[in-house]
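Derivation of every value follows stated rules applied to the coordinates shown; laboratory data play no part. Owing to the predicted nature of the structure, the values given are computational and were not obtained by experimental measurement. Cβ coordinates were reconstructed from backbone atoms using ideal geometry, including for glycine residues, and neighbour counts include every protein chain displayed.
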Ligand SMILES: [Zn+2]
């Protein structure tokens with residue numbers, strides 16, 4: 001009985017602590033009495049917990065606020081540089097690493113080329129990951145004692161609870177125990193998530209989704225993934241597959257996909273599809289600046305040069321971007337009819353061509369969505385750019401620091 005009472009007391013305290021910490025974070029600066037008002041906690045409870053947070057250096061007392069005549073209240077703010085996080089974004093061709101503070105400001109970054117999938121197996125992949133994180137940590141000096149965790153965003157299907165990469169098709173890997181191995185090596189908590197879901201989380205905390213409760217964030221790179229935020233939470237689905245929009249069927253007779261099926265959304269609307277489309281037109285004999293730029297070598301086409309040539313008025317480059325935009329519009333229309341989110345955020349490499357692909361997307365949605373409000377669904381570009389999934393990886397650790405769920409687990 002006594003143990004139970006202590007348990008519920010500690011649970012209450014942990015919940016209140018997270019509530020206060022989040023209230024300070026959401027308001028940037030706030031007084032103790034405002035916290036009490038917003039959280040409906042008693043002023044003594046707020047004072048006690050705030051004192052603890054100050055002692056732990058998680059919270060700072062900052063400049064005095066304005067007041068009507070009386071004593072100016074002392075304001076509280078999150079001490080962003082009191083803790084640090086390592087973020088790792090494992091893509092198909094490269095791995096990005098970053099050291100960030102609690103505001104997700106990047107203090108240090110590094111990009112490492114990924115070994116070819118043919119040279120990788122589960123064991124060598126984990127060794128590679130350990131090695132590059134160890135080398136990166138070797139450069140972290142001042143912040144080393146302030147590290148609170150490692151967040152990993154990973155291509156493919158990830159079980160976020162066990163931190164296992166279940167299936168990473170482009171890396172030809174299955175069942176990799178990323179969390180367990182990294183925790184054993186670095187003695188820090190490790191969180192692992194699919195890269196598109198991490199991107200969505202990053203956009204929710206620090207990017208275009210900050211003010212929106214329900215949105216879908218598309219990661220359009222070599223493949224296409226999505227992170228779905230519903231009621232401010234990331235949707236995982238029954239088997240971690242929620243958001244695998246890249247493998248929804250658009251054309252039964254379409255091109256073959258890395259998953260083995262034909263005509264998946266990503267075979268028509270990804271960066272890979274964009275290059276394949278340009279390659280096919282050039283091989284059919286279409287004249288394009290792209291051949292000059294790539295030394296007549298259609299196989300080495302890249303998204304950046306297609307975008308640049310399109311901006312210079314190249315017909316082939318413009319055509320393939322328009323077509324890619326049209327297919328992206330189809331997938332987005334499906335999402336709107338399936339989930340009806342307030343907003344769609346487009347991230348990943350292809351989003352850099354937004355000046356040319358946005359119009360066909362908007363046209364598709366305006367023409368075909370079923371209601372007037374759905375036709376006007378807000379469609380925006382990621383605010384976090386190339387480092388979106390990386391910021392998202394760090395947010396995995398941050399969201400634990402601030403979450404009520406985490407507080408419950410600590411009891
Ligand atoms: Zn597929």
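Report the percentage of all Cα-Cα pairs in the range 289-401 whose separation exceeds 17 Å, rounded to a whole percent.
62
To the nearest 10 degrees, how steeply does helix 122-137 sit against the main Cα axis of the chain, on a 0 to 90 scale?
The answer is roughly 60 degrees.
Any chance you could give the angle, 0 to 90 degrees and rounded to 10, that helix 43-55 forms with the longest Cα principal axis of the chain?
70
Arrange 15, 201 by Cβ neighbour counts within 10 Å, fewest through most, would you?
Working: 15 15, 201 30.
Least to most surrounded, the residues fall as 15, 201.
Taking neighbour counts of Cβ atoms within 10 Å as a proxy for exposure, in what order, fewest first, do 93, 293 appear?
93, 293
Using the basic label-point model (7 angstrom from Cα toward the beta carbon), what is the residue 116 to residue 82 distance in nanometres?
With each label point 7 Å from Cα toward Cβ, the separation is 5.0 nm.
What residues of the range 329-348 lie in the reach of a label at residue 370, counting those whose backbone N is under 20 Å from a point 7 Å from the Cα along Cα→Cβ?
Taking a point 7 Å out along Cα→Cβ of residue 370, the residues of the range 329-348 whose backbone N falls under 20 Å are 329-344.
Packing-wise, with mean Cβ within 10 Å as the measure, how do 370-378, 45-53 rank, highest first?
Answer by packing, highest mean first, reads 45-53, 370-378.
What nm distance separates the two modelled labels at residue 146 and residue 61, each placed 7 Å from Cα along Cα→Cβ?
Result: 2.1 nm between the two label points.
Quote to one decimal, in nm, the extra length available between residue 161 and residue 214 on full extension: 0.36 nm per residue of separation minus the C-alpha distance between them.
That pair, residue 161 and residue 214, stretches by 16.8 nm at full extension.
For the peptides 337-347, 113-123, 174-184, what is the packing order when you average, over each peptide's residues, the other Cβ atoms within 10 Å and list the highest mean first? Display every interim value, and only then the final one.
On the way: 337-347: 20.0, 113-123: 12.6, 174-184: 17.7.
In decreasing order of mean packing, 337-347, 113-123, 174-184 become 337-347, 174-184, 113-123.
Post the alpha-carbon centroid distance, the range 135-180 to the range 241-262, in whole angstrom.
26
Rank these for me by crowding, 249, 218, going from fewest to most other beta carbons within 10 Å.
Sorted ascending by nearby Cβ count, the order is 249, 218.
So for each of 260-273, 24-37 I average, over its residues, the number of other beta carbons within 10 Å; can you give me the resulting order with the highest mean first?
Answer by packing, highest mean first, reads 260-273, 24-37.
Please state the relative contact order of the range 209-383 as a whole percent: Cα pairs under 8 Å, 6+ residues apart?
Here the relative contact order equals 22 percent.
Taking only Cα atoms, what is the 0 to 90° angle, nearest 10, from helix 388-402's long axis to the longest principal axis of the chain?
Between helix and principal axis, roughly 20 degrees.
For the range 164-268, what is one quarter of the convex hull surface built on the Cα atoms, given in nm²? Present the calculation step by step, with values, prior to reporting the outcome.
Numbers: hull surface 31.4 nm².
Taking the Cα atoms of the range 164-268, their convex hull projects to 7.8 nm² on average.
Given 4 °C and 1.567 mPa s, how large is the Stokes-Einstein diffusion coefficient of the chain in µm²/s, with Rh as the Kirkwood radius over Cα pairs?
The estimated diffusion coefficient comes to 56 µm²/s.
Take every Cα pair under 8 Å in the range 14-67 that's 6+ residues apart, average their separations, divide by the length, and report that relative contact order as a whole percent.
In percent, rounded to a whole number, it is 30.
Return the inverse of the average 1/r over all pairs of distinct C-alpha atoms in the range 182-228, which is the Kirkwood hydrodynamic radius, in Å to one decimal.
11.9 Å is the Kirkwood radius here.
Determine by what factor the alpha-carbon radius of gyration of the range 209-383 differs from 2.2 N^0.38 Å, reporting the quotient.
This ratio for the range 209-383 stands at 1.05.
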